[in-house]
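Down below is the structure, laid out as C-alpha coordinates.
The values are calculated or read from the model by the stated rules, or taken from the named source; none is laboratory data. Computed from a predicted model, the values in this text were never measured in an experiment. With ideal geometry, Cβ positions are generated from the backbone for all residues, glycine too; neighbour counts draw on all protein chains shown. What goes into the accessible areas is simple: the full protein's heavy atoms, side chains included, and nothing from ligands, DNA or RNA. Shrake-Rupley method; radii C 1.70, N 1.55, O 1.52, S 1.80 Å.
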Amino acid sequence: NAGVTQTPKFRVLKTGQSMTLLCAQDMNHEYMYWYRQDPGMGLRLIHYSVGEGTTAKGEVPDGYNVSRLKKQNFLLGLESAAPSQTSVYFCASTTNGGTYNEQFFGPGTRLTVL
Amino acid sequence: GDSVTQMEGPVTLSEEAFLTINCTYTATGYPSLFWYVQYPGEGLQLLLKATKADDKGSNKGFEATYRKETTSFHLEKGSVQVSDSAVYFCALNNNDMRFGAGTRLTVKP
(Lines give C-alpha, C1' and ligand atoms only; values in the text may rest on other atoms or scores of the structure.)
Protein backbone atom coordinates (compact mmCIF):
# COMPACT_ATOMS: atom_id res chain seq x y z
CA ASN A 1 0.00 0.00 0.00
CA ALA A 2 1.21 3.49 -0.86
CA GLY A 3 -0.68 5.00 2.11
CA VAL A 4 -1.27 8.73 1.67
CA THR A 5 0.35 10.40 -1.33
CA GLN A 6 0.45 14.08 -2.26
CA THR A 7 1.07 15.80 -5.58
CA PRO A 8 3.11 17.91 -6.20
CA LYS A 9 5.96 17.85 -3.68
CA PHE A 10 7.09 21.41 -4.39
CA ARG A 11 5.52 24.38 -6.15
CA VAL A 12 6.31 28.05 -6.62
CA LEU A 13 3.46 30.40 -7.53
CA LYS A 14 3.18 34.09 -8.22
CA THR A 15 0.64 36.13 -6.30
CA GLY A 16 -2.79 35.75 -7.86
CA GLN A 17 -2.13 32.42 -9.55
CA SER A 18 -4.24 29.38 -8.81
CA MET A 19 -3.38 25.75 -8.20
CA THR A 20 -4.76 22.48 -6.92
CA LEU A 21 -3.04 20.10 -4.54
CA LEU A 22 -4.02 16.45 -4.83
CA CYS A 23 -4.18 13.98 -1.98
CA ALA A 24 -4.84 10.29 -2.53
CA GLN A 25 -5.18 7.42 -0.04
CA ASP A 26 -5.50 3.70 -0.68
CA MET A 27 -6.59 2.64 2.81
CA ASN A 28 -10.34 3.05 2.24
CA HIS A 29 -10.48 5.73 4.90
CA GLU A 30 -13.65 7.77 5.34
CA TYR A 31 -12.14 10.90 6.84
CA MET A 32 -9.59 13.11 5.14
CA TYR A 33 -7.94 16.37 6.23
CA TRP A 34 -5.83 19.23 4.91
CA TYR A 35 -3.42 20.97 7.29
CA ARG A 36 -0.87 23.69 6.90
CA GLN A 37 2.34 23.74 8.90
CA ASP A 38 4.06 27.01 9.72
CA PRO A 39 7.13 27.49 11.93
CA GLY A 40 6.28 27.56 15.63
CA MET A 41 2.56 27.01 15.01
CA GLY A 42 2.21 23.28 14.72
CA LEU A 43 -0.44 22.03 12.32
CA ARG A 44 -3.59 23.99 11.64
CA LEU A 45 -6.64 22.40 10.05
CA ILE A 46 -7.80 24.03 6.81
CA HIS A 47 -10.70 21.80 5.69
CA TYR A 48 -11.77 18.25 6.24
CA SER A 49 -14.15 15.65 4.87
CA VAL A 50 -16.07 12.91 6.66
CA GLY A 51 -16.97 11.05 3.50
CA GLU A 52 -17.28 11.17 -0.27
CA GLY A 53 -19.15 14.27 -1.37
CA THR A 54 -18.84 16.07 1.99
CA THR A 55 -16.52 18.86 3.12
CA ALA A 56 -16.32 21.13 6.14
CA LYS A 57 -14.28 24.11 7.29
CA GLY A 58 -11.49 23.82 9.79
CA GLU A 59 -9.59 26.40 11.78
CA VAL A 60 -8.10 28.40 8.86
CA PRO A 61 -10.30 27.91 5.75
CA ASP A 62 -10.12 31.38 4.18
CA GLY A 63 -8.55 31.46 0.72
CA TYR A 64 -8.92 27.70 0.17
CA ASN A 65 -11.53 25.42 -1.34
CA VAL A 66 -11.76 21.64 -1.30
CA SER A 67 -13.57 18.83 -3.05
CA ARG A 68 -14.07 15.13 -2.30
CA LEU A 69 -15.63 13.70 -5.44
CA LYS A 70 -14.11 10.26 -4.88
CA LYS A 71 -13.56 8.57 -1.55
CA GLN A 72 -9.85 8.11 -2.15
CA ASN A 73 -9.09 11.68 -3.27
CA PHE A 74 -9.21 15.03 -1.50
CA LEU A 75 -8.30 18.15 -3.46
CA LEU A 76 -7.21 21.48 -2.03
CA GLY A 77 -7.52 24.53 -4.25
CA LEU A 78 -6.07 28.01 -4.02
CA GLU A 79 -8.03 30.31 -6.33
CA SER A 80 -5.81 33.40 -5.97
CA ALA A 81 -2.59 32.66 -4.13
CA ALA A 82 -1.20 35.14 -1.60
CA PRO A 83 2.26 35.25 0.05
CA SER A 84 0.55 34.41 3.38
CA GLN A 85 -0.24 31.00 1.91
CA THR A 86 3.44 30.11 1.71
CA SER A 87 3.57 27.01 3.86
CA VAL A 88 3.96 23.25 3.94
CA TYR A 89 0.65 21.49 3.32
CA PHE A 90 -0.11 18.05 4.70
CA CYS A 91 -2.95 15.75 3.88
CA ALA A 92 -4.06 13.12 6.38
CA SER A 93 -6.68 10.40 6.57
CA THR A 94 -8.27 8.15 9.16
CA THR A 95 -10.85 5.40 9.27
CA ASN A 96 -13.56 7.38 11.05
CA GLY A 97 -14.06 10.04 13.70
CA GLY A 98 -13.38 7.85 16.73
CA THR A 99 -11.11 9.40 19.33
CA TYR A 100 -8.87 6.30 19.41
CA ASN A 101 -7.90 6.59 15.79
CA GLU A 102 -4.60 7.93 14.57
CA GLN A 103 -4.30 10.00 11.45
CA PHE A 104 -2.03 8.91 8.62
CA PHE A 105 -0.09 11.68 6.91
CA GLY A 106 1.24 12.26 3.44
CA PRO A 107 4.79 13.53 2.80
CA GLY A 108 3.72 17.15 2.34
CA THR A 109 3.74 19.82 -0.37
CA ARG A 110 6.01 22.80 0.05
CA LEU A 111 4.37 25.84 -1.52
CA THR A 112 6.02 29.21 -2.01
CA VAL A 113 4.00 32.21 -3.16
CA LEU A 114 6.08 35.11 -4.46
CA GLY B 1 -11.67 24.71 23.41
CA ASP B 2 -9.30 21.79 23.58
CA SER B 3 -5.60 22.56 23.34
CA VAL B 4 -2.12 21.07 23.68
CA THR B 5 0.93 22.81 25.08
CA GLN B 6 4.38 21.31 24.69
CA MET B 7 7.78 22.52 25.73
CA GLU B 8 9.46 24.87 23.35
CA GLY B 9 12.59 23.82 21.61
CA PRO B 10 14.95 23.38 20.23
CA VAL B 11 16.36 20.66 22.44
CA THR B 12 19.95 19.58 21.87
CA LEU B 13 21.30 16.46 23.57
CA SER B 14 24.36 14.28 23.34
CA GLU B 15 23.98 10.69 22.25
CA GLU B 16 22.88 8.36 25.09
CA ALA B 17 21.41 11.25 27.12
CA PHE B 18 17.98 11.02 28.75
CA LEU B 19 15.15 12.77 26.95
CA THR B 20 12.01 14.37 28.34
CA ILE B 21 9.65 16.49 26.26
CA ASN B 22 6.81 17.92 28.32
CA CYS B 23 3.24 17.96 27.05
CA THR B 24 0.12 19.15 28.87
CA TYR B 25 -3.40 19.37 27.56
CA THR B 26 -6.74 21.02 28.18
CA ALA B 27 -9.82 19.06 27.20
CA THR B 28 -13.29 18.11 28.32
CA GLY B 29 -14.22 14.48 28.51
CA TYR B 30 -11.78 11.67 27.75
CA PRO B 31 -9.50 12.39 24.82
CA SER B 32 -6.92 10.02 23.39
CA LEU B 33 -3.34 11.30 23.44
CA PHE B 34 -0.65 10.86 20.80
CA TRP B 35 2.97 11.57 20.05
CA TYR B 36 3.88 12.00 16.40
CA VAL B 37 7.39 12.31 14.98
CA GLN B 38 8.41 14.20 11.85
CA TYR B 39 11.78 13.41 10.28
CA PRO B 40 13.33 16.00 7.96
CA GLY B 41 11.43 16.36 4.70
CA GLU B 42 8.73 13.87 5.69
CA GLY B 43 5.18 13.86 6.98
CA LEU B 44 4.16 13.09 10.53
CA GLN B 45 4.08 9.49 11.66
CA LEU B 46 2.61 8.04 14.79
CA LEU B 47 5.16 7.28 17.49
CA LEU B 48 2.87 6.13 20.30
CA LYS B 49 -0.56 6.68 21.77
CA ALA B 50 -2.65 6.17 24.90
CA THR B 51 -6.42 6.06 24.97
CA LYS B 52 -7.32 6.25 28.66
CA ALA B 53 -5.97 7.45 31.98
CA ASP B 54 -2.87 5.63 33.31
CA ASP B 55 -2.23 3.96 29.94
CA LYS B 56 1.40 3.91 28.90
CA GLY B 57 2.22 4.12 25.22
CA SER B 58 5.61 2.88 24.08
CA ASN B 59 7.52 2.39 20.85
CA LYS B 60 11.19 2.36 19.75
CA GLY B 61 12.35 3.01 23.32
CA PHE B 62 10.07 6.03 23.75
CA GLU B 63 7.28 6.02 26.29
CA ALA B 64 4.61 8.33 27.65
CA THR B 65 1.98 7.87 30.36
CA TYR B 66 -1.50 9.40 30.23
CA ARG B 67 -1.82 11.30 33.51
CA LYS B 68 -5.32 12.63 33.93
CA GLU B 69 -4.64 14.15 37.36
CA THR B 70 -1.93 16.40 35.94
CA THR B 71 -3.37 16.54 32.37
CA SER B 72 0.03 15.52 31.02
CA PHE B 73 1.55 13.12 28.51
CA HIS B 74 5.31 13.67 28.73
CA LEU B 75 7.55 11.86 26.23
CA GLU B 76 10.65 10.10 27.58
CA LYS B 77 13.51 8.03 26.26
CA GLY B 78 16.33 6.67 28.36
CA SER B 79 19.13 6.88 25.80
CA VAL B 80 18.72 8.93 22.63
CA GLN B 81 20.49 8.25 19.35
CA VAL B 82 21.51 10.54 16.51
CA SER B 83 18.74 8.95 14.45
CA ASP B 84 16.14 10.32 16.92
CA SER B 85 16.79 13.85 15.66
CA ALA B 86 13.38 15.05 14.48
CA VAL B 87 10.43 17.24 15.42
CA TYR B 88 8.06 15.73 17.96
CA PHE B 89 4.38 16.69 18.17
CA CYS B 90 2.03 15.99 21.04
CA ALA B 91 -1.63 15.73 20.03
CA LEU B 92 -5.03 14.92 21.43
CA ASN B 93 -8.14 13.54 19.78
CA ASN B 94 -11.43 14.48 21.39
CA ASN B 95 -13.45 14.12 18.17
CA ASP B 96 -11.12 16.78 16.73
CA MET B 97 -7.37 16.32 16.51
CA ARG B 98 -5.37 19.13 18.15
CA PHE B 99 -1.60 19.39 17.80
CA GLY B 100 1.03 21.09 19.88
CA ALA B 101 3.51 23.45 18.22
CA GLY B 102 6.21 20.79 17.99
CA THR B 103 9.60 20.38 19.67
CA ARG B 104 12.73 20.05 17.56
CA LEU B 105 15.25 17.56 18.95
CA THR B 106 18.84 17.42 17.78
CA VAL B 107 21.08 14.63 19.05
CA LYS B 108 24.82 15.10 18.62
CA PRO B 109 27.31 12.22 18.46
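Observations
- Checked against (1) open to solvent by 40 Å² or more (accessible area, probe 1.4 Å); (2) away from every other protein chain (no Cβ under 14 Å), B:Pro10 meets all criteria but (2).
- For the stretch B:85-101, taking the residues that are facing chain A (nearest Cβ under 7 Å) and assigned to a strand (DSSP E or B), the one that is nearest to B:Ser32 (Cα to Cα) is identified as B:Asn93.
- Residue within the stretch A:26-43 that is in a strand (DSSP E or B), within 14 Å of chain B (Cβ to nearest Cβ), within 14 Å of A:Thr109 (Cβ to Cβ) and of a type in the set (A, V, I, L, M) present: yes
- Exactly one residue among A:Ser84, A:Ser49 is among the polar types (S, T, N, Q) and under 18 Å from A:Gln37 (Cβ atoms), and that residue is A:Ser84.
- Counted residues, the stretch B:33-49 - those being in contact (Cβ under 8 Å) with a residue 40 or more places away in the chain, over 17 Å from B:Thr5 (Cα atoms), part of a strand (DSSP E or B) and more than 8 Å from every other protein chain (Cβ to nearest Cβ): 2
- Set side by side, the residues A:Asn96, A:Asn101 differ, and just one is within 30 Å of B:Val11 (Cα to Cα), in a loop (DSSP other than H, G, I, E, B) and either open to solvent by less than 30 Å² (accessible area, probe 1.4 Å) or not charged (D, E, K, R) (or both), which is A:Asn101.
- Residues being of a type in the set (A, V, I, L, M) and either under 17 Å from B:Leu105 (Cβ atoms) or open to solvent by 80 Å² or more (accessible area, probe 1.4 Å) (or both) - total across the stretch B:47-71: 3
- The residues in the stretch A:87-113 that are among the hydroxyl-bearing types (Ser, Thr, Tyr) and more than 16 Å from A:Arg44 (Cα to Cα) can be counted, and the count is 5.
- Hey, A:Ser67 under 17 Å from A:Ala56 (Cβ atoms) and not β-branched (Val, Ile, Thr) or not: yes
- Complete set of residues in the stretch A:74-108 that are touching a residue at least 24 places away in the same chain (Cβ under 8 Å) and within 10 Å of another protein chain (Cβ to nearest Cβ): A:Val88, A:Phe90, A:Cys91, A:Ala92, A:Thr94, A:Gly97, A:Gln103, A:Phe104, A:Phe105, A:Gly106, A:Pro107, A:Gly108
- Taking each residue of the stretch A:46-73 that is free of Cβ contacts under 8 Å to residues at least 40 places away in the same chain and assigned to a strand (DSSP E or B) and looking for partners that are surrounded by fewer than 17 Cβ atoms within 10 Å (Cβ to Cβ) and among the acidic types (Asp, Glu) with beta-carbon atoms closer than 7 Å, six or more apart or interchain, yields A:Asn65/A:Glu79.
- Residue match in the stretch A:39-56 (condition: farther than 29 Å from B:Leu105 by Cβ, open to solvent by less than 10 Å² (accessible area, probe 1.4 Å) and not acidic (Asp, Glu)): yes
- Of all residues in the stretch B:27-35, none satisfies being open to solvent by less than 70 Å² (accessible area, probe 1.4 Å) and in contact with a helix residue (DSSP H, G or I) (Cβ under 8 Å, 6 or more places away or on another chain).
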